Structure formats: C-alpha cells, structure tokens
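Throughout, read-outs are computed from the coordinates displayed, never taken from laboratory work. Computed from a predicted model, the values in this text were never measured in an experiment. Cβ sites come from the backbone with ideal geometry, for glycine too, and all protein chains shown count toward neighbours.
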C-alpha cells in the first residue's frame, strides 16, 4: 500500500503536466484520440507491470526482475533523449499556430485544461 501511495504522488505531478502538453501540442482534430491513447496506454502499463514482474521473477528471480525493468526504463529514456529533436519537430508540425506563433487556443483545449486542473481524471 505505501508503494501505491508513492505512485499516486508521482502521478499527481505527472498528469497535470502531460495533459497540458497534450492540450498545447496536439491539433484540435486529434485531441480526443490523443487523450484516449494516453489514458489507455497508462492503464495498460499499470496492468502489464505485475505480469511482467511475475514472469521475469518466475523465470529468474526478483532481483533480476527489478534490474531488467530498471534497465529497460533507462534504455527507453536514453532513446527518447537522443530523439527529442525529431520528436519535437514532429509535434510542432501538427500544431495550428496563431499569428504570434503561439498554439491556437480552442474551446476543446480549454475544456481539457480545465478538466485536468480540477483533478477529475
């Protein structure tokens, strides 16, 4: 239970930021799909974690499970860091900009930010 509380604290920092990023960077016509993929991927991650850990633990041992999952996280972080420029360019090309080069504010984005900031996820 204490680990669930720690995970909840981590989510309380992560989710307002990631919802703001999605609202700011995803084109209006794709915002619903982006939020849906984001929610489903998060739920799949929570569901897959025990299965992966139990599988690795059964095949090897618990130490190997923690080390391999930790190393996978480090590897994916390095891959994302090395590709940050291309990821940012891909996102920027999809955003509708206003005359002063700011993302276009839409009613749907306002609702998404309001929804997120009120903590109703």
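Taking the number of other C-beta atoms within 10 Å as the exposure measure, put 53, 1 in order starting with the fewest.
In order of increasing Cβ crowding within 10 Å: 1, 53.
Quick one: pull the percentage of alpha-carbon pairs in region 1-95 with a separation above 17 Å.
67
Using R₀ = 25 Å, calculate the FRET efficiency as 1/(1 + (r/R₀)^6) where r is the Cβ-Cβ separation of residue 49 and residue 21; round to 0.05.
Working from the Cβ atoms, E equals 0.60.
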